[in-house]
Amino acid sequence: MINFQKKEVIGRCLYFISYIPILLFSILNTTMYYQYIPSAYTKLVIMFSIGILLIKFIFIDEHTFLEYMSIILALIINLLAYYKSDNKYLLIMVIFMVASSALKEKSLILSYLVITIGVLIFAFISTKMGIIPDLVYQRNMLDRHSFGIIYPTDFAAHIFYLMCALTLLRFKRYNLLDFLLLIMVAICLFRYTDARLNTVMILLLALATLILKKMPVLNKSIFKFAWIVPIFSIIFAYLSTYFYSNGSAFFAVLNKLFSGRLGIVQNVLSENGIKLFGQKIIENGWGGKGFYLNTNIYKYTYIDSAFMRLLIIYGVLATILFLFTIVVYLKTVKNAELILIVSLILISGIIEQHFIDIAYNPFLLLLASSYFKQKKENRKCKNI
């Protein structure tokens, strides 16, 4: 028989064997190398990773009967959403979340950092060597560089999530130098990509982390109110999209802050509605091959808001289940710095789509793992 500690070690090894290849391929698919990667290879990596996680879930992980039933129900609903939408991102995220028990926070973050930084440097060097293009867009007479990624805001999102990972690692030693480093990164990011949202989010990350570090008494407030963030975010995203009006001064300002996204998503919502199990949506973005599209023929139709993507693409059931799970995790986990970062990421999801993409976001995996760990400790305390 394998003892408990050995099972945990084996479980962690299996998780990283599945996580590293899918993370690597997912990030590569956000670069201009995506056009050289056969879809069959990506599907093979996904099948391999999910197969390894299935072995971990069945033979290694330990859950209560109710947890097993809840996880199986969640997987069934998300499989139906995947079938109806033909969109795999949420399903992959959910599978890695439910199989995340017994992870070590530092190991996962370091793996994410090494692979992400490695791929971004590789893509940047590739643009300098002329292997892939650095797509340069213009807004307000400013050049917006992608640095080998398919779109400037996607590059900026990678940087924001990297800064979140570095901040999480540095939290216990976070000081004024860390704060200034984040400020400098935000300034440089804005200068070269004109990505306003991710610039603001990095500035918020720098300030909020410094305040939390200097005022640990705020931990209780974070534990008390963080669960409201996903509920507020989806309500705000939906209502602002549904009630958007060209003739309203308030919505005109809001739409400008959202770079015109409200009107675009409202059109998608009006044309397609919201389904119980989701639906397939054909989108035209300006990233990657979209850079070369004739904008007089192809209108920009992309659902940038993660919360509106959840509702329109994946459907009501998958959205409610996913957000309910996040709420439960936020109410249970007692890790202030992780909850702060997840809250900021959820707020950014009102405008941009990346928090449901495993290529960007390892923090929901950490949140799920922390939840399973907390529940296990609670059960031990009851048995004493």
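Solvent-accessible surface of segment 298-346, averaged per residue with a 1.4 angstrom probe and all protein chains in place: 29 square angstrom.
Both numbers refer to the Cα atoms of segment 1-122; Rg and Dmax are 15.6, 48 Å.
Straight-line cross-link partners of Lys334 among the lysines, defined as a Cα under 20 Å from its Cα and at least 8 positions apart when in the same chain: Lys104, Lys106, Lys172, Lys213, Lys214, Lys220, Lys224, Lys373, Lys375, Lys376, Lys380, Lys382.
In µm²/s, what is D for segment 293-375 at 37 °C and 0.692 mPa s, where D = kT/(6 pi eta Rh) by Stokes-Einstein and Rh is the Kirkwood radius from Cα pairs? For the chosen part, D equals 233 µm²/s. Residue by residue, segment 166-178 carries 3J(HN,Hα) couplings of 5, 5, 4, 5, 8, 4, 5, 10, 4, 9, 4, 5, 4 Hz when phi is fed to the Karplus relation 6.51 cos²θ - 1.76 cosθ + 1.60 (θ = phi - 60°); x denotes Gly or Pro.
Counting only GluC sites (Glu not before Pro) that DSSP places in a loop and that have at most 16 other Cβ atoms within 10 Å, the longest clean stretch of the chain runs over 63-282. In the chain, inverting the average of 1/r over every pair of distinct C-alpha atoms gives 21.8 Å as the Kirkwood radius. Largest first, the three principal axis extents of the alpha carbons in segment 98-233 are 50, 37, 34 Å in whole numbers. In units of the compact-protein estimate 2.2 N^0.38 Å, segment 89-173 shows a Cα radius of gyration of 1.35.
The per residue volume of the convex hull around the alpha-carbon atoms of segment 205-356 is 132 Å³. Three principal axis extents describe the C-alpha atoms of segment 334-380; from largest down they are 41, 19, 13 Å. Rounded, prolate or oblate, given the Cα gyration tensor of segment 35-95, with a/c below 1.5 counting as rounded? Taking the square roots of the gyration eigenvalues as a ≥ b ≥ c, segment 35-95 is oblate.
The alpha-carbon of Lys331 sits under 16 angstrom from the alpha-carbons of these aspartates and glutamates, leaving out residues fewer than 8 places away in its chain: Glu377. Kirkwood hydrodynamic radius (Cα pairs, Å) of segment 174-239? Radius from the Kirkwood sum: 13.6 Å.
For segment 151-250, the per residue solvent-accessible surface stands at 52 Å², with DNA, RNA and ligands left out and a 1.4 Å probe. When peptides 185-195, 47-57, 240-250 are ranked by their average number of other Cβ atoms within 10 Å per residue, the highest-first order is 185-195, 47-57, 240-250. Normalised by 2.2 N^0.38 Å, where N is the number of residues, the C-alpha radius of gyration of segment 1-50 stands at 1.50. In whole Å, how far is the Cα centre of segment 107-139 from that of segment 302-317? Between the Cα centre of segment 107-139 and that of segment 302-317, the gap is 27 Å.
The values are calculated or read from the model by the stated rules, or taken from the named source; none is laboratory data. Just so it is clear, the model here is predicted, and its values are computed rather than measured. Reconstructed Cβ throughout: ideal geometry from the backbone, glycine too, with neighbour counts over all protein chains shown. Accessible surface is based on the protein model in full, side chains and every heavy atom, while ligands, DNA and RNA are left aside. Shrake-Rupley method; radii C 1.70, N 1.55, O 1.52, S 1.80 Å.
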